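Shown next, in structure tokens, is the structure this report addresses.
The values are calculated or read from the model by the stated rules, or taken from the named source; none is laboratory data. Just so it is clear, the structure is predicted and the values come from calculations on it, not from any experiment. Virtual Cβ from ideal backbone geometry, glycine too; neighbours counted across all protein chains shown. Each accessible area value is taken on the protein alone, full model and side chains, heavy atoms only, with ligands, DNA and RNA left out. Shrake-Rupley method; radii C 1.70, N 1.55, O 1.52, S 1.80 Å.
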Amino acid sequence: GNFSQVTEFILQGLSDTRELQVLFFAIFFLAYTMVLLGNLLIIVTVRTDPKLSSPMYFLLCNLSFIDICCTSVTAPRMLVDLLSRRKTIVFEGCIAQLFFLHFAGSSEMFLLTVMAYDRYTAICKPLHYTTIMSRWACWVLVCSCWAGGFLHSITQTLLTIQLPFCGPNTIDNYFCDVQPVIRLACADIYVTEWLMASNSGLISLGCFLVLVTSYMLILVSIRGRLTQGHWKALSTCASHVVVVTLFFVPCIFIYLRPFCTFPFDKYVCVIYTIFSPVMNPLIYTLRNNEVKESMWRLWKCCRV
């Protein structure tokens, strides 16, 4: 029958060696702290400074919030497991982690695509920028990103929970993801794996291609007429490209491969679940003078 006998899963984590577990705990605790503090600082800075009211900073504020959500789905559980001898997660908790990870992750993919469109409009259509990227349009685009993320995630979750699980129950990863979970099902998952790859993999690849195309159009449109404003915009785009590469390339590698897994897949997952959210606040603050100046003003106000 189509029912689940498995009540919990065992997470193998990143390593069985105690010394490495302690080292990983120190590294990932520091990384998670940087994600929380860095992105919260960006959110507070953008929300409190009227000078940062442009659509780019509105989208950046939303990106910081999604980064916190996405990392918080996996990092706290991983930190606890690194100090635990028995790394188990109940079936319902595993499905919930899977749902929220894909919800936040796919929403971030869509939002990064919207941010690329924002830069394209600002550079290639500056006279129409305020009309195209109005406050109302920004809210519609952000809400569409969340709605798209929800539809993607609920599809992945429904495809997973309809499978029967009767053992084994060991997941070779540090969190519950679609691919390692469905391979434990007591059923033929040929069609399910193709559906999963078509869903997650093609969304990742499609968003990445749209992003690359938008940046190519920007380069073509300003070729031969670079001004100081264009150089500043290109610097912003360069930081976006770094974020996009760190986030999308590992996702495409993981999710666009049905029927194929590698032992190092879980280490690749660390890039887009932990280190990519760490890089966002560093890139967007260190390479943006307006944000740095706003943070400095916020610091002086707090001291007073």
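Figure legend. Inter-residue proximity from region 42-62: first residues within 17 Å of Val243 (Cα to Cα), second residues among the polar types (S, T, N, Q) and open to solvent by 10 Å² or more (accessible area, probe 1.4 Å), beta-carbon distance below 8 Å, spacing 6+ or different chains. Indicated pairs: Ile42/Thr285; Met56/Thr236.
Look at (1) at pLDDT below 70; (2) open to solvent by 50 Å² or more (accessible area, probe 1.4 Å) and you find that Leu234 fails only one, number (2). When Tyr57 is tested against the conditions (1) over 24 Å from Val181 (Cα atoms); (2) open to solvent by 40 Å² or more (accessible area, probe 1.4 Å); (3) in contact with an Asp or Glu (Cβ under 9 Å, 6 or more places away or on another chain), the lone failure is (2).
Of the candidates Val210, Val181, the single residue that is open to solvent by less than 70 Å² (accessible area, probe 1.4 Å) and closer than 24 Å to Ser106 by Cβ is Val181.
The requirement of being modelled with pLDDT under 90 and farther than 25 Å from Thr131 by Cα is satisfied by Asp16.
Only one of the numbered conditions (1) open to solvent by 50 Å² or more (accessible area, probe 1.4 Å); (2) under 30 Å from Ala238 (Cα atoms); (3) β-branched (Val, Ile, Thr) is violated by Ile43, and that is (1). Of the residues in region 256-263, not one is at pLDDT below 80, under 27 Å from Leu14 (Cα atoms) and not in a loop (DSSP other than H, G, I, E, B). Within region 5-40, the set of residues being of a type in the set (Ser, Thr, Tyr), touching a residue at least 24 places away in the same chain (Cβ under 8 Å) and open to solvent by less than 50 Å² (accessible area, probe 1.4 Å) comprises Tyr32 only. In the set (1) closer than 22 Å to Leu59 by Cβ; (2) out of contact with any Leu (no Cβ under 7 Å at 6 or more places or on another chain); (3) in contact (Cβ under 8 Å) with a residue 40 or more places away in the chain, the condition left unmet by Asn280 is number (2). When Ile154 is tested against (1) at pLDDT 90 or above; (2) open to solvent by 20 Å² or more (accessible area, probe 1.4 Å); (3) more than 21 Å from Glu193 (Cα to Cα), only condition (3) is not met. I'd like to check something: does region 117-135 contain any residue that is open to solvent by less than 10 Å² (accessible area, probe 1.4 Å), closer than 22 Å to Pro250 by Cβ, in a helix (DSSP H, G or I) and of a type outside the set (Val, Ile, Thr)? Within region 117-135 (the criterion being open to solvent by less than 10 Å² (accessible area, probe 1.4 Å), closer than 22 Å to Pro250 by Cβ, in a helix (DSSP H, G or I) and of a type outside the set (Val, Ile, Thr)), the answer is no, since none of the residues qualifies.
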